[in-house]
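Here the structure comes first, spelled out in structure tokens, and everything after it is commentary.
The values are calculated or read from the model by the stated rules, or taken from the named source; none is laboratory data. The structure presented is a predicted model; accordingly, all values stated were derived computationally and were not measured. Ideal geometry is used to build each Cβ from the backbone, glycine not excepted, and the neighbour counts take in all protein chains shown.
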């Protein structure tokens with residue numbers, strides 16, 4: 001075990017007990033004691049100890065940077081011939097990282113009839129785009145996508161590889177990482193390069209109650225999936241030039257044991273909460289399913305997606321893809337309007353990274369107001385229509 | 001059909017409350033529970049067994065007290081369980097954990113299906129399932145909301161996509177992760193609890209499952225936590241009365257802050 005309390009130095013101040021995210025430290029007769037069955041070796045206690053009484057051996061940060069010469073890569077997600085916005089966000093973020101490391105930025109585009117996007121990606125910041133435009137990639141096949149990307153990575157040896165933390169990214173990126181036996185950090189909300197040139201990957205853990213910085217110091221590439229809507233794309237520069245490389249695939253890369261029989265689009269009107277700029281969500285305070293009409297009216301004016309709490313989804317007032325929160329989706333919109341939502345922790349962890357939050361609730365002590373920037377106390381049946389009216393006026397100028 | 005369900009014991013976040021004075025989390029007396037998503041995986045396994053016969057085996061890696069999570073699954077109706085617990089496993093990241101679980105699966109013998117919950121609510125990575133599938137050399141279907149049909153050789157499922165769903169056919173053996181939509185988990189039964197109490201659950205060490213030492217624990221983990229810190233706390237707001245004036249004011253402020261909503 002790599003962590004130890006030096007009893008002679010410990011003053012029993014208890015700072016480590018509070019710092020420990022998994023409650024693995026107790027005070028026994030005035031000294032801190034680690035329960036090794038619970039300890040996750042995160043080192044949070046080491047940092048807060050005022051008398052350096054905790055010894056912590058971390059693996060050495062030795063890495064042969066020279067091995068990874070291929071720069072920064074971004075997997076650019078496309079479904080059918082449509083490219084996902086998160087691709088542009090990651091190209092924007094990848095540009096900063098590549099500049100920080102003094103290396104090139106490559107986009108990897110996999111799909112069918114997607115070649116046209118390559119130039120757009122260059123105009124948004126990529127130096128190079130590798131295109132795999134193949135009939136065999138018409139549908140998303142975890143195995144095929146993972147094999148193609150892992151194959152390219154082994155050949156070109158990038159130092160950093162990013163993908164969106166979408167359903168697709170989160171399904172196949174772990175396969176790539178496991179094939180390459182390298183580290184992967186899920187659902188990052190911030191990325192940076194440290195003084196040693198390593199990628200610092202910041203992500204929420206324990207439902208967003210704790211933030212963690214993760215490193216992958218001894219293996220390459222460093223891989224991360226990144227939460228959609230968090231990073232900002234660069235403005236498009238149509239004068240920007242770059243290289244487009246069409247990759248030829250050997251047929252064996254395209255073999256999939258799984259077969260997509262049909263791809264079905266659902267619920268076009270409601271919008272996808274995971275990628276929406278604005279979300280209007282309803283909770284139990286709406287009282288009856290038909291009152292969701294108020295939510296739809298406001299969402300309509302704001303051109304927003306519609307969300308709901310677990311309560312209303314479980315009651316069948318709105319379907320599961322709309323659920324925001326721990327057992328639903330984690331969202332990061334510019335504006336989140338919470339209507340009749342009291343603010344259970346499971347809901348908060350799904351929406352508290354929204355840029356601006358407006359809450360409407362009859363209870364002035366509702367938890368939702370603690371994460372809100374604006375709030376109204378009162379009858380939502382009076383307030384929401386007025387709000388819809390005011391936004392409508394603003395919209396019509 | 002032989003099914004293996006991978007579960008995790010996690011802190012119960014419904015016990016986690018924000019202290020209004022300090023705006024910090026109160027974690028005193030937080031219970032541990034079976035990861036909520038894993039209950040859907042257990043339930044689906046039990047339904048498949050009821051319809052097609054076979055055996056449901058639950059595995060988990062964790063400290064000795066993670067045995068309680070396995071007992072919960074047995075009480076729901078699972079047939080068998082394995083606890084993977086040893087100091088040498090501590091500090092494992094998703095790559096090491098998936099390797100350990102895959103070695104455990106191999107040590108159990110033949111299987112048709114591995115079921116996992118969508119993700120664990122403490123780590124939220126959703127990575128262990130797909131990484132396991134690679135170690136085992138089997139295909140996967142993630143974020144499954146419905147198992148539509150099951151044949152001798154394969155099954156047809158619906159997996160969630162950003163725009164709807166895909167109907168996907170996968171051969172056995174394969175790994176599937178399930179979302180909440182798939183079912184409503186049953187509560188543990190009284191007889192089940194009695195059975196769980198009597199059952200001897202084997203505890204597996206690295207030697208028992210034939211792990212290579214350098215692929216487990218800290219040594220086997222390419223990622224490590226450099227630092228943990230509190231998230232930027234939102235200051236919250238004082239809720240105003242919903243007068244027309246207040247509402248107009250807020251609507252205007254939001255419109256300005258978002259720099260033109262309609263474009």
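Of all positions in the range A:35-45, at least one carries a residue that is buried (at least 18 other Cβ atoms within 10 Å of the Cβ) and part of a helix (DSSP H, G or I). For the range A:152-173, the count of residues that are more than 28 Å from residue B:12 (Cβ to Cβ), facing chain B (nearest Cβ under 7 Å) and assigned to a loop (DSSP other than H, G, I, E, B) is nonzero.
Scanning the range B:165-176 for residues that are more than 7 Å from chain A (Cβ to nearest Cβ) and out of contact with any helix residue (DSSP H, G or I) (no Cβ under 6 Å at 6 or more places or on another chain) gives B:172, B:173, B:174, B:176. The sole residue among A:85, A:81, A:133 that is touching a residue at least 60 places away in the same chain (Cβ under 8 Å) and over 22 Å from residue A:232 (Cβ atoms) is A:133. Residue B:251 meets the conditions (1) buried (at least 18 other Cβ atoms within 10 Å of the Cβ); (2) in contact with a strand residue (DSSP E or B) (Cβ under 8 Å, 6 or more places away or on another chain); (3) at the interface with chain A (Cβ under 7 Å from one of its Cβ atoms) in every case but one. The failed one is (2).
In the range B:33-61, what residues are touching a residue at least 24 places away in the same chain (Cβ under 8 Å) and surrounded by fewer than 19 Cβ atoms within 10 Å (Cβ to Cβ)?
Answer for the range B:33-61, where residues must be touching a residue at least 24 places away in the same chain (Cβ under 8 Å) and surrounded by fewer than 19 Cβ atoms within 10 Å (Cβ to Cβ): B:47, B:49, B:51, B:52, B:53, B:54, B:55.
Right, residue A:59: surrounded by fewer than 19 Cβ atoms within 10 Å (Cβ to Cβ), modelled with pLDDT under 80 and part of a loop (DSSP other than H, G, I, E, B) or not? Against the criterion (surrounded by fewer than 19 Cβ atoms within 10 Å (Cβ to Cβ), modelled with pLDDT under 80 and part of a loop (DSSP other than H, G, I, E, B)), residue A:59 qualifies.
Here the range A:331-341 is the region considered, the condition is being buried (at least 24 other Cβ atoms within 10 Å of the Cβ) and at pLDDT 90 or above, and the residue that is farthest from residue B:247 (Cα to Cα) is A:333. From the list B:88, B:73, the one residue that fits, being more than 12 Å from residue B:5 (Cβ to Cβ), touching a helix residue (DSSP H, G or I) at 6+ places or on another chain (Cβ under 6 Å) and outside any strand (DSSP E or B), is B:88. One residue alone among B:84, B:147, B:100 is modelled with pLDDT of 95 or more and under 30 Å from residue A:226 (Cβ atoms), and that residue is B:100.
Of the residues in the range A:217-231, none is in the same structural domain as residue A:72 (by TED's automatic domain parsing) and free of Cβ contacts under 8 Å to residues at least 40 places away in the same chain. The set of residues in the range A:296-330 that are crowded, with 19+ Cβ neighbours inside 10 Å, over 26 Å from the mean Cα position of the chain (by Cα) and not in a loop (DSSP other than H, G, I, E, B) comprises A:298, A:301.
For the range A:118-148, a residue qualifies if it is within 17 Å of residue A:94 (Cα to Cα) and either in contact with a strand residue (DSSP E or B) (Cβ under 7 Å, 6 or more places away or on another chain) or not in a loop (DSSP other than H, G, I, E, B) (or both), and the qualifying residues are A:118, A:119, A:120, A:121, A:122, A:123, A:125, A:126, A:127, A:128, A:129, A:130.
A quick yes/no check of all residues on (1) within 14 Å of chain B (Cβ to nearest Cβ); (2) within 23 Å of the chain's Cα centre (by Cα); (3) part of a loop (DSSP other than H, G, I, E, B):
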position	(1), (2), (3)
A:204	yes, yes, no
A:211	yes, yes, no
A:214	yes, yes, no
A:241	no, no, yes
A:244	no, no, no
A:248	no, no, yes
A:256	yes, no, yes
A:262	yes, no, no
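Sort out which residues of the range A:350-392 are assigned to a helix (DSSP H, G or I), within 8 Å of chain B (Cβ to nearest Cβ), farther than 18 Å from residue A:284 by Cα and without any contact (Cβ under 8 Å) to a residue 24 or more places away in the chain, and write them in order of number.
A:386, A:390
Kindly provide the set of residues from the range B:206-218 that are more than 7 Å from chain A (Cβ to nearest Cβ) and either outside any helix (DSSP H, G or I) or surrounded by 17 or more Cβ atoms within 10 Å (Cβ to Cβ) (or both), ordered by number.
Once the filter is applied, which keeps residues that are more than 7 Å from chain A (Cβ to nearest Cβ) and either outside any helix (DSSP H, G or I) or surrounded by 17 or more Cβ atoms within 10 Å (Cβ to Cβ) (or both), the range B:206-218 yields B:206, B:209, B:210, B:211, B:212, B:215, B:216, B:217.
Count of the range B:133-164 residues, restricted to those that are surrounded by 21 or more Cβ atoms within 10 Å (Cβ to Cβ), facing chain A (nearest Cβ under 7 Å) and more than 21 Å from the chain's Cα centre (by Cα), is 0.
Looking across the range B:162-192, the residues that are closer than 22 Å to residue A:329 by Cα and out of contact with any strand residue (DSSP E or B) (no Cβ under 7 Å at 6 or more places or on another chain) come down to B:180, B:183, B:184, B:185.
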